[in-house]
Amino acid sequence: MYTLTNIDQHHFSGPEDVYVLEAHRTASGLATVASDQTLSLFNPARLGTGPVARLRTEHGNVTTLRVFDAGTSVVCTAGENGSVGVWDLRQGAKVAQFAAGQASILSMACSASTQTIAVGTELENHAATIHLWDVRSNPSPKATYSEVHSDDVTSLAFHPSQPTMLVSGSTDGLVSVHDTTILDEDELTIQTLNHNASIHDAAFLNSTELFALSHDEVFALYDVADERETGDAAQDFGDLRKVLGCQYVANVTTKVDGSGAILGAGAQDKENFELVFLAKAADGSWALDLANKVVLPGAHGSEIVRSFCFFDDEQVVFTTGEDGNVKAWRAG
């Protein structure tokens, strides 16, 4: 077990309580979105001095932030009015905003290599829809899928090495893998996995294996290789609240090299947040490394931690929470 120390923080204040919803790394610094409808950019080494840029989003309520291209510091935001904003954080400016869907956007995924943004909407007028947009110069719609899920589309992620492959998750309990080069919606879905619980997060771990995490913290791994076509879980970890001794799992961050993932698990009553590594054992199965978990004591007090991200070269972890804070943590 390793313990980190809170070395710096910034508090968002306003007439109402502010939730800091997400944080992501870009070449220009740490980007966050908050419930005061702002997109902020921080110098990661000087968090306490406040944002170096603070931009007003125009989504009604902002719901999500995703990095389009970390190297050029282009990020995307989306929200309840169905719009997507594209931002160049080097310039501190919005470069595009467009109506991506008719309903509130709950999830988003970006692929710089194919210049594609995928958004998933909440259920409205009996349809929950996935929209694909081409964002070269003037954003234009590429495809719309309205029959993939029967309820809110809560999670989207592109395949790490095949960016035309998209995984979607929904409150209907299904995780689906799609080949977006196929235009016919009836043929689009390669495989459907029944998690039997409302999906909070889902993404590929490597070329064929993916994880699914439900809103009630049930965690399982699936393999979509040709020899596994049943859609059953390859490995079921069950309710992580029992496995990890937590009250919630904020999110799961996959490792770029395909070697596993990091789960962020919190407990408000203990004022604690822990990072737990998921890695392959010698026999090829996956295991949670409970002996080497990383503890962030105090975390965000009795409030929920909403997200975490890493600046590996500086060995710093950043967290955001419902206490209005973004915090930096380091060993020792």
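Which lysines does LYS255 reach when only Cα atoms under 21 Å apart count, and residues fewer than 8 places away in its own chain are ignored?
Filter leaves LYS280, LYS293.
Enumerate the calculated ³J(HN,Hα) couplings along the stretch 160-168 in order (Karplus 6.51 cos²θ - 1.76 cosθ + 1.60, θ = phi - 60°), each rounded to whole Hz, writing x wherever the residue is Gly or Pro.
Coupling constants for the stretch 160-168: x, 10, 10, x, 8, 8, 10, 10, 10 Hz.
Evaluate the Kirkwood expression for the hydrodynamic radius of the stretch 82-216, namely the inverse of the mean inverse distance over all pairs of different C-alpha atoms, and round to one decimal in Å.
Kirkwood radius, the stretch 82-216: 15.0 Å.
Spelling out what I want: for every residue of the stretch 245-259, take phi, set θ = phi - 60°, compute 6.51 cos²θ - 1.76 cosθ + 1.60 (Karplus), and round to whole Hz; glycine and proline get x.
My calculation for the stretch 245-259 gives x, 10, 10, 7, 10, 5, 6, 10, 10, 7, 7, 5, 7, x, 7 Hz in order.
Which sequence of HIS131, HIS59 reflects their accessible areas, 1.4 Å probe, from the largest down?
In descending accessible area the options line up as HIS131, HIS59.
Which of the lysines could a cross-linker bridge to LYS94, judged by Cα under 27 Å and excluding same-chain residues fewer than eight apart?
LYS142, LYS327
Ordered by packing density, taken as the mean number of other Cβ atoms within 10 Å over each peptide's residues, highest first, how do 290-300, 192-202 rank?
Details: 290-300: 16.8, 192-202: 20.4.
Going from most to least packed, we get 192-202, 290-300.
Roughly to the nearest percent, how much of the accessible area of the chain is carbon and sulfur, given a 1.4 Å probe? Present the calculation step by step, with values, prior to reporting the outcome.
Numbers: 6390 of 14170 Å².
Carbon and sulfur: 45 percent of the exposed surface of the chain.
Find how many whole Å separate the alpha carbon centroid of the stretch 9-85 from the alpha carbon centroid of the stretch 205-227.
The distance from the Cα centre of the stretch 205-227 to that of the stretch 9-85 comes to 29 Å.
Taking one equal scatterer on every alpha-carbon of the chain, how large is log10 of I(q)/I(0) by Debye at q = 0.08, 0.15 1/Å?
Taken in order of the listed q values, log10 I(q)/I(0) reads -0.35, -1.33.
With every atom except the alpha carbons ignored, what do you get for Rg and Dmax of the stretch 175-319, in angstroms?
Answer for the stretch 175-319, Rg first and Dmax second: 16.3, 51 Å.
With all protein chains present and a 1.4 Å probe, how do MET1, MET165 order by accessible area, largest first? Please report the intermediate quantities before stating the final value.
Numbers: MET1 135, MET165 30 Å².
I get MET1, MET165, largest accessible area first.
Taking the solvent-accessible surface of protein heavy atoms with a 1.4 Å probe, what is the per residue accessible area of the stretch 250-306 in Å²?
Values: 2470 Å² over 57 residues.
Ligands and nucleic acids excluded, the result is 43 Å² per residue.
Quick check for you: with a 1.4 Å probe and neighbouring chains kept, what is the accessible area per residue of the stretch 89-138, in Å²?
Spelled out: the 1.4 Å probe surface of the stretch 89-138, per residue, equals 45 Å².
Rank LYS327, LYS270, LYS280, LYS255 by accessible area, highest first, at a 1.4 Å probe radius?
Values: LYS327 25, LYS270 130, LYS280 100, LYS255 80 Å².
Sorted by accessible area, descending: LYS270, LYS280, LYS255, LYS327.
Express the Stokes-Einstein translational diffusion coefficient of the stretch 19-170 in µm² s⁻¹, to the nearest whole number, given a Kirkwood radius over alpha-carbon pairs, 25 °C and a viscosity of 0.890 mPa s. Don't jump to the answer; show the numbers that get you there.
Working: Rh = 15.4 Å.
Taking Rh from Cα pairs, D becomes 159 µm²/s.
Non-local amide H neighbours of ASP36 (under 5 Å, H modeled in plane, Pro and chain starts lacking H): which ones?
Long-range HN contacts for ASP36: TYR19.
What is the diffusion coefficient of the stretch 264-317 in µm²/s, taking the Kirkwood radius over Cα pairs and the Stokes-Einstein relation at 4 °C with a viscosity of 1.567 mPa s?
In µm²/s, the coefficient rounds to 104.
The values are calculated or read from the model by the stated rules, or taken from the named source; none is laboratory data. Every value quoted in this text rests on a predicted model; they were computed, and no experiment measured them. We place every Cβ from the backbone using ideal geometry, glycine too, and count neighbours over all the protein chains shown. Areas reflect the complete protein model, heavy atoms only, side chains present, ligands, DNA and RNA absent. Shrake-Rupley method; radii C 1.70, N 1.55, O 1.52, S 1.80 Å.
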